[in-house]
Amino acid sequence: MKILKAQEMANIDRKTIEEIGIPSLVLMENAARALLRVVLEEFPEAEKILVVAGKGNNGGDGLALARMLHLIGKKVDFVLPLGDPKGDADYQLSVLRKLGLKPLEGEADFGSYDLVVDAIFGTGFSPPVKGKAGQVIEKINREAKRVLAVDVPSGLSADSGRVYEPSVKADVTVTFQFPKVCHLLFPSSKLCGKVMVADISIPNYLAQEIKRELIDPKTLKLPRRERDTYKTKEGHVLIVGGSPGKTGAVIMACRSATKTGSGLVTAGVPSELNPIFETSLLEEMSLPLPEGDRLSVFSVKEIVSMQERISALALGMGMGRYEEGQDIVREIILNWGKPLLLDADALNNLADLGNLEILKKRRAPAVLTPHVGEFSRLTGLEPKEINENLIDVAQDFSTRYGCFLVLKSARTVVSTPDGRAFLSVRGTPAMAKGGSGDVLSGILVSLMGRTADILSALLVGVTLHGVAGELAERKLHRESVRAGDLIELIPEAYKVLESLSEEGPTPDLLKEVVG
């Protein structure tokens with residue numbers, strides 16, 4: 001499912017009306033019918049409903065909903081806080097008048113209604129809100145019991161995760177044909193509540209050029225073991241890192257790689273720390289690297305010499321930040337020709353090196369897996385700016401440096417060297433624990449070592465990781481999930497994804513994208 005911005009949605013609306021020939025009033029009626037369904041399904045107890053309608057098409061959707069609610073016997077009122085509507089919205093108002101319904105005069109008592117429908121501003125609105133509209137929004141937030149937002153909670157920008165004040169805080173948001181950026185990114189997503197996407201008969205192919213997409217677990221290419229397979233065919237991955245006090249990062253990455261399906265897993269670790277790995281890892285092997293208790297630049301030659309028998313390399317977990325670490329990262333980037341994943345301190349050392357241009361010199365694109373703090377160090381962008389524009393900054397970075405990026409926050413974005421971006425909304429706050437990123441890196445490098453399709457490996461990996469987190473929260477408690485619990489639930493997460501892929505995409509006029 002494509003993710004759109006305001007101008008893109010306006011262009012697609014225009015093409016639907018002018019080139020395809022579907023009248024705008026038909027689209028409005030379809031939108032209102034979807035809204036009616038949501039009212040009946042999500043707010044079945046609501047008998048007294050207030051529609052707050054603006055002047056534009058968003059207000060028109062709300063007024064058409066008011067008519068439909070009236071005709072099925074609901075007690076419905078509507079207010080026009082910004083004055084008389086225009087265009088199709090004015091037509092909807094005229095229909096209501098012919099049915100004997102008139103807008104309320106004066107200020108409405110929002111608290112006296114079971115449900116308030118916010119139809120003030122839509123995707124075309126550019127914040128911030130000014131004047132009387134702001135007062136109305138503040139009153140809705142202060143007094144309304146339950147709120148349904150039409151398309152976008154009024155006050156937000158469709159184009160980013162930024163929260164503008166004031167903005168409506170909705171329990172449910174119904175948007176049309178495609179989700180918008182604000183519905184999916186934090187912190188704006190918190191104001192949207194449950195997000196549902198309604199099909200209103202706009203052809204989906206009109207958005208085929210859009211490079212933002214929501215990951216659909218039903219369409220993922222899951223790895224399949226052939227009956228005549230053998231361990232090296234399923235990939236031999238090398239996971240390099242570790243330093244005093246941080247050996248657990250490599251151990252968790254190795255264990256998650258094995259659980260994900262790698263035929264062979266080797267931990268490349270500082271020689272003085274090797275006994276820790278020998279006693280902690282059973283199925284996985286360890287490779288003592290010269291020399292001392294942290295990685296040395298002398299280990300690079302040995303790592304690079306293993307390319308023939310290693311299918312993918314992950315570097316950085318628990319590695320530590322130090323000057324020699326910068327040299328190690330630079331030399332691996334320039335001399336490792338197979339799939340390469342850079343995580344944790346590999347990214348911090350790369351940031352300290354101050355030369356991201358070396359990423360362009362690789363024969364095959366590298367995969368970088370930063371969280372927001374690490375990405376801030378790499379780019380100089382403030383964490384707030386990154387979170388609010390998670391998709392845009394990921395796309396810009398990947399195209400600029402010719403790499404894949406897995407940018408981790410409360411949402412995860414996978415972006416590609418050619419500028420595509422795929423957003424995962426799977427996961428849970430329970431995963432905000434040390435080690436979760438190491439588990440993800442183990443999953444990703446495992447899948448990278450088993451397929452030539454790096455993008456597919458990353459999409460499966462971030463989804464598998466998120467589903468494992470959801471399962472862990474369900475089985476345990478949100479506060480008590482450990483990174484190790486995610487590893488143990490990778491098999492269950494695989495089963496969930498397999499059942500979804502067998503089920504296949506199911507067309508529906510109304511899809512929940514964020515619960």
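The values are calculated or read from the model by the stated rules, or taken from the named source; none is laboratory data. As the structure is a computational prediction, the values presented were derived from the model and not from experiment. FYI the Cβ positions are ideal-geometry reconstructions off the backbone, even for glycines, and counts take in every protein chain you see. We work out accessible area using only protein heavy atoms, side chains counted, and drop any ligands, DNA or RNA first. Shrake-Rupley method; radii C 1.70, N 1.55, O 1.52, S 1.80 Å.
Structural remarks
- Sites excluded, GluC sites (Glu not before Pro) in DSSP loops with at most 10 other C-beta within 10 Å, longest stretch of the chain: 309-478
- Compactness index (Cα Rg / 2.2 N^0.38 Å), segment 349-455: 1.03
- Solvent-accessible surface ranking, highest first, for THR247, THR379 at 1.4 angstrom: THR379, THR247
- Projected over all directions and averaged, the alpha-carbon convex hull of segment 220-308 occupies 6.7 nm².
- Using the Cβ-Cβ distance between ARG224 and VAL26 with R0 set to 45 Å, the FRET efficiency works out to roughly 0.50.
- Largest-first ellipsoid semi-axes for segment 51-205, taking √(5λ) over the Cα gyration tensor eigenvalues, angstrom: 23, 18, 14
- Per-residue ³J(HN,Hα) for segment 431-440, Karplus 6.51 cos²θ - 1.76 cosθ + 1.60, θ = phi - 60°, Hz, x for Gly and Pro: 7, 7, 9, x, x, 4, x, 5, 4, 4
- Cα convex hull of the chain - mean projected area over all directions, nm²: 25.3
- Segment ARG400-GLN208, length gained on full extension (0.36 nm per residue, minus Cα span): 66.8 nm
- Global geometry of segment 443-515, whether rounded, prolate or oblate, following the gyration tensor of its Cα atoms and the 1.5 cut on a/c: oblate
- Förster radius 41 Å - calculated FRET efficiency between ASP327 and LYS475, Cβ distance, rounded to 0.05: 0.40
- DSSP-assigned coil residues among trypsin sites (Lys or Arg not before Pro) in segment 324-402, each with at most 10 further Cβ atoms within 10 Å: ARG363
- The antiparallel fraction among DSSP beta bridges confined to segment 374-515 stands at about 100%.
- Relative contact order of segment 372-477: 19 percent, from C-alpha pairs under 8 Å at least 6 residues apart in sequence.
- Residue-wise HN-Hα coupling along segment 64-74, computed from phi with Karplus coefficients 6.51, -1.76, 1.60 (Hz; x: Gly, Pro): 5, 4, 4, 4, 5, 5, 4, 6, 9, x, 7
- Net charge dipole size for the chain [Lys, Arg +1 and Asp, Glu -1 on Cβ; Debye, nearest 20]: 520
- Taking only Cα atoms of segment 17-56, radius of gyration then Dmax in Å: 13.5, 41
- Length added when fully stretched, GLU41-LEU101, from 0.36 nm per residue minus Cα-Cα: 19.1 nm
- Beta bridges per DSSP with both ends in the chain, % antiparallel, nearest 5: 20
- A 1.4 Å probe run over the chain, with the rest of the protein chains in place, finds 41 Å² accessible per residue.
- The length gained by stretching the chain between GLU272 and ARG377 to full extension, at 0.36 nm per residue less their Cα-Cα distance, is 34.8 nm.
- Rolling a 1.4 Å probe over the protein heavy atoms of the chain, with every protein chain left in place, gives an accessible area that is 49 percent carbon and sulfur.
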